[in-house]
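None of the figures in this text is laboratory data; all of them are computed from the coordinates on show. Keep in mind that this is a model prediction, so the values were computed, not measured. All Cβ positions, glycine included, derive from the backbone under ideal geometry; neighbour counts span all protein chains shown.
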Amino acid sequence: MASTDIIDNWIPIEWDSDVITRVQMDSAVERYARPHIMSSATKRILRSGGLTVSAGTTYTADTSANDYITLQARRFLAQFVVDEDDLSDADSVIDTIQTKGMDWAVSYADTFDNACLAVTGTENGTTVPFTSLYKALRTTNSATGYTADANYAQWTSTNVSFPASGGGNSLYEKLSSTFKKVEAGKFWSLADSLVIAAPGWRDALRLATDGQGRPIFIQGTAGTPDTLFDVPIAWSRGCKTSPTNSGSPGGNDLLFFGNRQYLKRGDRTQPQSLVDQARAQDSTDDTAVKFRVRKAFGVGNENAWAGLERV
């Protein structure tokens, strides 16, 4: 009898498993975005513009705008097929699921981060699952009073350190001005500050120094994160531009700085796996294994983040 008889339903991948650990290690959004449990396919989250506080004995009614962002859960799927001759017993099945589960974890982390951070297209639910952080920063939003590209900049120079040629074009100056776009606003929080960047930035950051020749990028040791201007960095392979969602984006390297509380991640279902053996009517003796997860993403407020694109 085939070895997969007893595995005939979707099996949740435990949160303390190696697979989930790898997802959280490789995905900046899974690790740092604020989670929201979803009991349905959509969830509305209040987007507050703040609350008016006054001194004295008379209350002042708040006049700030309050609206909602809607999280829409999307499926992220994967499947592979293996000849049943290669699965001689139940242990082989379990080992195969674990091995492919780790492969799925790496690919999913890159694909999900790309969908949340760097896809340049307009959300359609399939090839563009969400409105990415990059797209949000490049789009006007009247509800939040944000103007397209207000918190977006590009770096094209080969000059990295300050002041060198000056003119605001060195990488040091570009990074400093990118940080200021958030630090000068009401959404900045030192405790929740985070940098998310593509690893392709590392070469330039290693060379960037301040006016005294001191590095602004410090590589972490003994488990501590790398930092930029003393802010922790989350590295993400998915943080590269792509017109549609991709696990291997080939566009420009992106770097974002902001308040991680305003990255909203919706958790509809945890990762699951399904194993199904060949049926009598099938023309081949193949066992199929599927992985799936349902997630949502939204930017709480564009003013809480700023981005720099390396072009």
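Observations on the structure shown:
- Near the amide H of Asp149, within less than 5 Å, lie the amide hydrogens of Arg138, Thr139, all on another chain or at least 5 residues away, with H placed in the peptide plane.
- Among beta bridges that DSSP assigns inside segment 117-267, antiparallel share in %, nearest 5: 75
- Approximating the spin labels as points 7 Å out from Cα along Cα→Cβ, the Asp210-to-Leu77 distance works out to 5.2 nm.
- Phi angles of segment 125-136 translate, via the Karplus equation with coefficients 6.51, -1.76, 1.60 and θ = phi - 60°, into HN-Hα couplings of x, 10, 5, 10, x, 9, 7, 6, 4, 4, 5, 5 Hz per residue; Gly and Pro are given as x.
- Taking 0.36 nm per residue of sequence separation and removing the Cα-Cα distance, the Ser142/Asp103 pair yields an extension gain of 9.9 nm.
- Added length on full extension, which subtracts the Cα-Cα distance from 0.36 nm per residue, Gln219 to Thr158: 19.8 nm
- Cα gyration tensor, segment 151-267 - rounded (a/c under 1.5), prolate or oblate: rounded
- Prolate/oblate/rounded label for segment 245-296 (Cα gyration tensor, a/c 1.5): oblate
- With the simple spin-label model, which puts each label point 7 Å out from Cα in the Cβ direction, the Asp67 to Val53 separation comes to 2.6 nm.
- Inter-site label distance for Gln24 and Ala280 at 7 Å from Cα along Cβ, in nm: 4.6
- Candidate cross-link partners of Lys43 among the lysines, defined by an alpha-carbon separation under 26 Å and a same-chain spacing of 8 or more, comprise Lys135, Lys186, Lys264, Lys295.
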